[in-house]
1. Looking at segment 70-84, I want the residues that are in a strand (DSSP E or B) and have a partner that is open to solvent by 80 Å² or more (accessible area, probe 1.4 Å) and within 15 Å of the ligand (Cβ to nearest atom) with Cβ atoms under 6 Å, at least 6 apart or on another chain. Which pairs are those?
2. Name the one entry in Phe116, Phe126, Phe121 that is away from the ligand (no atom under 15 Å from the Cβ), at pLDDT 95 or above and open to solvent by less than 80 Å² (accessible area, probe 1.4 Å).
3. Within the group Leu47, Leu52, which residue is away from the ligand (no atom under 16 Å from the Cβ), among the aliphatic types (A, V, I, L, M), open to solvent by 60 Å² or more (accessible area, probe 1.4 Å) and at pLDDT 85 or above?
4. Kindly indicate whether Ile69 is open to solvent by less than 30 Å² (accessible area, probe 1.4 Å) and modelled with pLDDT of 95 or more.
5. Being away from the ligand (no atom under 16 Å from the Cβ), assigned to a loop (DSSP other than H, G, I, E, B) and crowded, with 18+ Cβ neighbours inside 10 Å is the filter here, so list the residues in segment 129-157 that pass it.
6. Which one of these does Leu52 not meet: (1) closer than 19 Å to Tyr174 by Cβ; (2) touching a Lys or Arg at 6+ places or on another chain (Cβ under 7 Å)?
7. Considering segment 101-113 alone, what residues qualify as being crowded, with 16+ Cβ neighbours inside 10 Å and among the hydrophobic types (A, V, I, L, M, F, W, C)?
Amino acid sequence: MNRGLFKIWQLLILFDSIQSSMEIKYEFIMEDERIFTACSDEPPQTLDVHGLLDFSENTFDMDESGVTISGNTTIIWDIQPSDRVQLAVSVLYFDRGTWQPTTLNLMYNDFCKLLFDQNQFWYDSFTKHIINSAEIKEKCFRVKGTIIMFETYSVDLIFSIGFPLKNGRYKILYRFTAFDKNVKRPNDICFEIRGDFKKLRN
Ligand SMILES: *[C@@H]1O[C@H](CO)[C@@H](O)[C@H](O)[C@H]1NC(C)=O
């Protein structure tokens with residue numbers, strides 16, 4: 001299951017630059033099987049990925065052709081249906097003992113409006129395979145207890161970035177923040193995935 005989860009989440013690294021004609025194909029290789037690391041130096045009310053989603057009823061099957069996913073994921077984040085959800089994604093590079101920022105940073109001020117937008121990097125690997133799409137389009141990640149039902153689908157593990165990356169260790173940091181009107185809620189979701197980008201031959 002952990003390996004499968006990793007395969008899903010590595011797809012969340014597809015960036016807008018995928019449209020570039022200079023695109024280079026990469027695979028993101030996880031550093032270890034824990035997949036998600038909680039962010040460091042966060043206030044105690046910040047939750048990690050297990051404060052957002054419960055994957056215990058998903059199945060992940062791996063074979064040579066890739067990973068097949070099915071089942072239900074339950075939203076467990078405790079926010080309100082009228083909240084606005086912001087997502088910030090940043091890629092950091094490990095250089096001489098410290099994590100350094102890179103130019104790969106994306107901010108989505110209203111993530112829920114874009115959840116089913118076909119131009120977003122998560123569409124083909126995630127949203128497109130949700131069976132109860134009308135319900136999830138409305139509720140997004142905002143209604144605790146909502147079940148996201150996935151069709152059985154095979155994930156393509158290869159993705160593209162529009163510019164070359166240095167070799168080395170990276171981490172991808174995801175932060176979901178909810179706002180009530182414009183007041184930020186304290187229970188941010190923050191998690192990281194660590195690994196390296198492996199360039200693939202065409
Ligand atoms: C997913 O949840 C729905 C609704 O509760 C249920 O009918 C269905 O059997 C579940 N699917 C799986 C694979 O557990």
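1. Ser70/Thr152; Gly71/Glu57; Asn72/Glu57
2. Of Phe116, Phe126, Phe121, the one residue that is away from the ligand (no atom under 15 Å from the Cβ), at pLDDT 95 or above and open to solvent by less than 80 Å² (accessible area, probe 1.4 Å) is Phe116.
3. On inspection, the qualifying residue turns out to be Leu47.
4. So Ile69 fails the test.
5. Within segment 129-157, Cys140, Phe141, Arg142 meet the criteria.
6. Of (1) closer than 19 Å to Tyr174 by Cβ; (2) touching a Lys or Arg at 6+ places or on another chain (Cβ under 7 Å), only one is false for Leu52: (2).
7. Leu104, Phe111, Cys112
The values are calculated or read from the model by the stated rules, or taken from the named source; none is laboratory data. Worth saying up front: this structure is predicted, and the values here are computed from it rather than measured. We place every Cβ from the backbone using ideal geometry, glycine too, and count neighbours over all the protein chains shown. Accessible surface is based on the protein model in full, side chains and every heavy atom, while ligands, DNA and RNA are left aside. Shrake-Rupley method; radii C 1.70, N 1.55, O 1.52, S 1.80 Å.
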